[in-house]
């Protein structure tokens, strides 16, 4: 996945939740949070919010509407049995034509 996008792109971000041995796991509850460049944070939960998709054991993704230029941060994490986290970021550039 490229790490730089344009304003207006739908960006698919993914996260893999693993145990201490690096094995992918199915946690009790899985969440994703993403923060736009203005600091607004959205939190979604797998099984509650349809935006969070489970691709395979421990692997999840969500599509983010990149509607603002700057650095976006995201974090997949779990609670209960199988507590884990995976986080990263991506850049969104302003359009060339305004």
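The values are calculated or read from the model by the stated rules, or taken from the named source; none is laboratory data. Note that the structure is predicted; figures quoted are calculated from it, not measured. We place every Cβ from the backbone using ideal geometry, glycine too, and count neighbours over all the protein chains shown.
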Checking the condition assigned to a strand (DSSP E or B) and within 10 Å of the chain's Cα centre (by Cα), which residue from 55, 86 passes?
86
If you go through region 38-52 one residue at a time, how many are assigned to a loop (DSSP other than H, G, I, E, B) and loosely packed, with under 15 Cβ neighbours inside 10 Å?
8
Could you tell me which numbered condition residue 22 fails, if it satisfies all but one of (1) modelled with pLDDT of 95 or more; (2) not in a strand (DSSP E or B)?
(1)
Flagged in region 1-37 as within 19 Å of residue 85 (Cα to Cα), exposed (fewer than 13 other Cβ atoms within 10 Å of the Cβ) and more than 15 Å from the chain's Cα centre (by Cα), in numbering order, are 20, 21, 22, 23, 28
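If you take the residues of region 58-83 that are free of Cβ contacts under 8 Å to residues at least 60 places away in the same chain and part of a loop (DSSP other than H, G, I, E, B), which of them is surrounded by the most Cβ atoms within 10 Å (Cβ to Cβ)?
Filtering region 58-83 down to residues free of Cβ contacts under 8 Å to residues at least 60 places away in the same chain leaves 58-65, 70-71, 73, 79-81, 83.
Among the residues that remain, those that are also part of a loop (DSSP other than H, G, I, E, B) are: 58, 80-81, 83.
Values: 58: 22, 80: 9, 81: 10, 83: 14.
Only one residue tops the list, namely 58.
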Residue under evaluation residue 62, criteria (1) farther than 20 Å from residue 5 by Cα; (2) modelled with pLDDT of 95 or more, criterion not met:
(1)
